[in-house]
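Novice: Submitted below is the structure of interest, expressed as structure tokens.
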Amino acid sequence: MGNASDHKFELIVKQREPILVAPAEGTDKGFYFLSNLDQNIAVIVRTIYCFKSNEEGNKKAVEVIKDALSKVLVHYYPLAGRLTISSEGKLIVDCNGEGAVFVEAEANITIDEIGDNTKPDPVTLGKLVYDIPNAKNILDMPPLVVQVTKFKCGGFVLGLCMNHCMFDGLGAMEFVNSWGETARGLPLKVPPFLDRSIFKARKLPRPEFPHHEFAEIEDMSNTADVYEEEMIYRSFCFDTEKLQQLKRKAMEDGVLSKCTTFEALSAFVWRARTQALRLQRDQQTKLLFAVDGRSRFDPPMPDGYFGNGIVLTNSLCSAGELVENPLSFAVGLVQEAVNMVTDSYMRSAIDYFEVTRARPSLAATLLITTWSRLSFHTTDFGWGEPFLSGPVALPEKEVTLFLSHGKERKSINVLLGLPASSMKIFQELMQI
């Protein structure tokens with residue numbers, strides 16, 4: 001979706017007073033443990049789901065979604081609690097049953113006038129999610145905030161604000177799909193596994209963490225000055241033909257014996273962004289990305305695990321090495337980062353945070369988050385699947401998002417923001 005200035009309309013949304021939706025039945029009270037894998041990613045993720053409907057369906061949507069929320073919160077009761085800080089200085093949930101915040105709203109246009117979500121648009125789309133007034137930090141924000149906006153055509157948009165510390169993308173997808181199943185009167189396909197204590201830290205001496213995602217990098221670039229420019233958000237679509245071409249380019253010098261789509265695309269975007277930001281040749285630059293550890297833990301994590309099962313891994317080199325070597329060099333760094341995520345690596349990350357409380361540095365860093373394998377587009381509350389779904393905005397300027405695209409979901413949209421002068425260079429480098 002373009003910037004608000006690209007549209008010929010002004011989206012006006014009237015929000016009613018928020019209410020609290022508590023679990024439909026009594027649930028466990030007390031404090032709910034969050035693992036060390038949850039602590040580093042306590043950011044609010046804002047998403048929207050756009051549904052078409054006739055006018056009668058529009059009138060029913062609010063009550064159906066609200067009623068189903070009350071019922072699904074019985075299974076996901078920590079989402080009805082509030083975040084607080086434990087005596088150990090960690091985030092923890094007070095399961096007080098207070099409830100999720102729920103807001104009903106009405107828009108002045110038809111849903112088709114929103115356009116296509118080819119890129120985040122925080123100005124326009126931000127009106128479709130509810131932000132807690134005067135919230136100073138995440139402790140002032142409930143883990144789940146819901147807004148249902150009714151449009152003139154009968155369509156409606158479900159806007160969600162969810163705290164990443166409660167679950168990763170897969171867990172969030174399972175929750176939203178369970179919510180939809182509840183609305184349709186179906187049993188949950190994947191009931192949540194709530195016990196996060198399976199990932200408690202071990203009682204060890206200060207662990208030696210094997211790599212550099214927590215390392216502070218001296219930022220010798222001019223990016224601080226560059227970021228004073230206006231941020232431009234763009235979406236770049238890589239269809240299946242372009243993705244195959246990119247993989248061939250990565251392997252053309254014979255250095256690599258294999259290459260996945262993610263490895264090729266991540267390396268390509270990392271190199272191009274580094275060039276676009278004009279980093280100095282000896283500037284260290286870091287690529288961070290999440291790896292799903294569900295199958296990498298020994299034993300594997302249980303199905304329906306309600307929490308974060310991801311760990312950040314990284315590639316690190318100088319800007320000169322990255323842009324002057326062939327693409328295969330960058331892909332090789334990405335492959336090494338993927339391969340080093342083992343059971344011991346993930347458990348050392350848990351232990352390391354226990355001792356240091358360190359958070360990853362984002363200096364001279366690109367953080368790629370991948371939603372292309374998440375099936376948010378299958379969510380169905382009784383009106384069929386959403387015709388559009390996606391993020392409202394990127395959480396940080398260092399973040400790039402990979403989203404599946406197209407009817408068969410095989411193309412990938414790369415969403416990112418850059419300063420205006422850097423975006424011009426980046427666009428030119430996207431030509432393979």
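The values are calculated or read from the model by the stated rules, or taken from the named source; none is laboratory data. Every value quoted in this text rests on a predicted model; they were computed, and no experiment measured them. A quick note on method: Cβ atoms are made from the backbone with ideal geometry, for glycine too, and the neighbour counts reach across all protein chains shown. Accessible surface is based on the protein model in full, side chains and every heavy atom, while ligands, DNA and RNA are left aside. Shrake-Rupley method; radii C 1.70, N 1.55, O 1.52, S 1.80 Å.
Novice: If I ask for residues that are in a loop (DSSP other than H, G, I, E, B), at pLDDT below 95 and open to solvent by less than 20 Å² (accessible area, probe 1.4 Å), which ones from the stretch 375-391 would you list?
Specialist: THR379, PRO386
Novice: VAL176 fails exactly one of the following numbered conditions: (1) at pLDDT below 95; (2) part of a helix (DSSP H, G or I); (3) among the β-branched types (Val, Ile, Thr). What is the number of that condition?
Specialist: Evaluating VAL176 over (1) at pLDDT below 95; (2) part of a helix (DSSP H, G or I); (3) among the β-branched types (Val, Ile, Thr) leaves (1) as the failure.
Novice: Considering only residues that are under 21 Å from CYS153 (Cα atoms), surrounded by fewer than 22 Cβ atoms within 10 Å (Cβ to Cβ) and of a type outside the set (Lys, Arg), which ones fall in the stretch 59-77?
Specialist: Passing the criteria: VAL62, GLU63, VAL64.
Novice: Filter the stretch 285-309 down to the residues that are under 18 Å from PRO360 (Cβ atoms) and buried (at least 22 other Cβ atoms within 10 Å of the Cβ) and list them by number.
Specialist: Across the stretch 285-309, the qualifying residues are THR285, LYS286, LEU287, LEU288, PHE289, GLY293, ASN308, GLY309.
Novice: Now for a different question. Going by the conditions given, is LEU394 at pLDDT 85 or above, in a strand (DSSP E or B) and within 24 Å of THR261 (Cα to Cα)?
Specialist: Numbers: at pLDDT 85 or above: yes; in a strand (DSSP E or B): no; within 24 Å of THR261 (Cα to Cα): yes.
Answer is no for this residue.
Novice: Test THR260 against the stated conditions and say whether it is hydroxyl-bearing (Ser, Thr, Tyr), farther than 23 Å from ALA201 by Cα and open to solvent by 30 Å² or more (accessible area, probe 1.4 Å). Give the steps one after another, and end with the answer.
Specialist: On the way: hydroxyl-bearing (Ser, Thr, Tyr): yes; farther than 23 Å from ALA201 by Cα: yes; open to solvent by 30 Å² or more (accessible area, probe 1.4 Å): yes.
When the stated conditions are applied, THR260 passes them.
Novice: Within the stretch 399-414, count every residue that is surrounded by fewer than 20 Cβ atoms within 10 Å (Cβ to Cβ) and either within 23 Å of GLN39 (Cβ to Cβ) or in contact (Cβ under 8 Å) with a residue 24 or more places away in the chain (or both). Working first, answer last.
Specialist: So in the stretch 399-414, the residues surrounded by fewer than 20 Cβ atoms within 10 Å (Cβ to Cβ) come out as 404, 406-411.
Filter once more, keeping what is either within 23 Å of GLN39 (Cβ to Cβ) or in contact (Cβ under 8 Å) with a residue 24 or more places away in the chain (or both): 404, 406, 409-411.
Residues meeting the conditions: 5.
Novice: Would you check if there is a residue in the stretch 337-355 being in contact with a Gly (Cβ under 8 Å, 6 or more places away or on another chain), part of a helix (DSSP H, G or I) and open to solvent by less than 30 Å² (accessible area, probe 1.4 Å)?
Specialist: yes
Novice: Given the conditions (1) surrounded by fewer than 17 Cβ atoms within 10 Å (Cβ to Cβ); (2) at pLDDT below 95, which single one is not true for GLN244?
Specialist: (2)
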